[in-house]
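In what follows, a single structure is set out as structure tokens and then discussed.
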Amino acid sequence: MAIITLGSNAITALPAGVGGKVLQVVYASDGTEVSTTSTSYQSSSLTANITPSSTSNKILICSSIVYRVITTAQNADIFGVRLDADGSSIFNPDGSKRFGIRIDSSGNNNAQLMTTFNYLHSPSSTSQIAYSIKVASRDGSTINMNSNTGESSLTLMEIAGWL
């Protein structure tokens, strides 16, 4: 480890090339349909587990959610998605479930869409962590995750941390 001295103060720094490297990658995809009209978050079967090798490491989560929305509502914000770690919410892009789509026309609407997000988690743990996706409807419209739209995915990357 390098030591940098500035006057009478010493700063310990990481050696060159340490920190920020990808140490492991876990990929999970799932095409199991989840259909809900509930305004409460519902579990999906999209989960992935990773075990960090150090408490200073971070987990970069990249997600791609495919879904279909069926609604007759006008001016409705209708889709909510949430990321959980070990059953607790760690990322909720919009707690009021306005994530994904806004329908601005009247009549029957049937949209097939994909929503992506990235999140950097600092778990401070070396125990296995289970990440999972939950979905909800804001206004009671039907949300069909993975319905005729393909598979949703989670990619977890352990990133070397800083001391």
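Is it the case that some residue within region 121-134 is touching a Phe, Trp or Tyr at 6+ places or on another chain (Cβ under 6 Å), open to solvent by less than 30 Å² (accessible area, probe 1.4 Å) and of a type outside the set (S, T, N, Q)? The answer is no, given that none of the residues of region 121-134 is touching a Phe, Trp or Tyr at 6+ places or on another chain (Cβ under 6 Å), open to solvent by less than 30 Å² (accessible area, probe 1.4 Å) and of a type outside the set (S, T, N, Q). Answer yes if at least one residue in region 26-33 is modelled with pLDDT of 90 or more, part of a loop (DSSP other than H, G, I, E, B) and charged (D, E, K, R), and no otherwise. Scanning region 26-33 turns up at least one residue that is modelled with pLDDT of 90 or more, part of a loop (DSSP other than H, G, I, E, B) and charged (D, E, K, R). Residue check, Ile11 against (1) over 19 Å from the mean Cα position of the chain (by Cα); (2) outside any loop (DSSP other than H, G, I, E, B); (3) at pLDDT 55 or above, all met but one. Which one? It fails just one condition, (3). Restricting attention to region 143-156, the residues that are over 12 Å from the mean Cα position of the chain (by Cα) and surrounded by 17 or more Cβ atoms within 10 Å (Cβ to Cβ) add up to 6.
Scanning region 59-111 for residues that are at pLDDT 90 or above and among the hydroxyl-bearing types (Ser, Thr, Tyr) yields Ser63, Ser64, Ser88, Ser89.
Yes/no per residue for (1) surrounded by fewer than 15 Cβ atoms within 10 Å (Cβ to Cβ); (2) within 16 Å of Gly161 (Cα to Cα); (3) among the aliphatic types (A, V, I, L, M):
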site	(1), (2), (3)
Val26	no, no, yes
Thr37	yes, no, no
Leu46	no, no, yes
Pro52	no, yes, no
Lys58	no, yes, no
Thr71	no, no, no
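The values are calculated or read from the model by the stated rules, or taken from the named source; none is laboratory data. Keep in mind that what you see is a predicted model, and the values were worked out from it rather than measured. Methodologically, a virtual Cβ is constructed for each residue, glycine included, from the backbone with ideal geometry; neighbour enumeration extends over all protein chains shown. Just the protein is used for accessible areas: all its heavy atoms, side chains included, with ligands, DNA and RNA removed. Shrake-Rupley method; radii C 1.70, N 1.55, O 1.52, S 1.80 Å.
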